[in-house]
1. Expressed as a whole number of Å, what is the distance separating the alpha-carbon centroids of the range 26-44 and the range 6-22?
2. Give me the net charge for the shell around ALA20: Cβ to Cβ below 13 angstrom, other residues only, Lys and Arg +1, Asp and Glu -1.
3. Using alpha-carbon pairs under 8 Å, 6+ residues apart, how would you state the relative contact order of the chain in percent?
4. If you take Cα extents along the principal axes in Å from the coordinates, which of (1) 30, 25, 23; (2) 41, 24, 19; (3) 46, 28, 24 do you get?
5. Taking 0.36 nm per intervening residue step and subtracting the Cα-Cα distance, what contour gain separates ALA20 from TYR51 on full extension?
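Derivation of every value follows stated rules applied to the coordinates shown; laboratory data play no part. The shown structure was predicted, so the numbers you read here are calculated from the model rather than taken from an experiment. All Cβ positions, glycine included, derive from the backbone under ideal geometry; neighbour counts span all protein chains shown.
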Amino acid sequence: MDIKARMTDIIAKEAAAVSAIQVTDAFEQAVNILLNCQGKIITTGIGKAGYIADKFARTMSSTGTPAFFV
């Protein structure tokens, strides 16, 4: 498979994953809590969850929301 086909496949899978997110009232509430946070967002986790929490904190920080991983 060439690079263009692989990238197209990856983007299609990412789009399907985003489309599968169920935007429930609880999801909306969680997003609003993060959006309206006046302090720093703290993430934590162990193992794979820790890697994801660390990446989430770094992404939040890089987009202007103070966050860090413990």
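1. Taking the Cα centre of each part, the range 6-22 and the range 26-44 sit 25 Å apart.
2. Surrounding charge for ALA20 is 0.
3. Relative contact order of the chain: 25 percent.
4. (3)
5. Extending this stretch completely gives an extra 8.9 nm.
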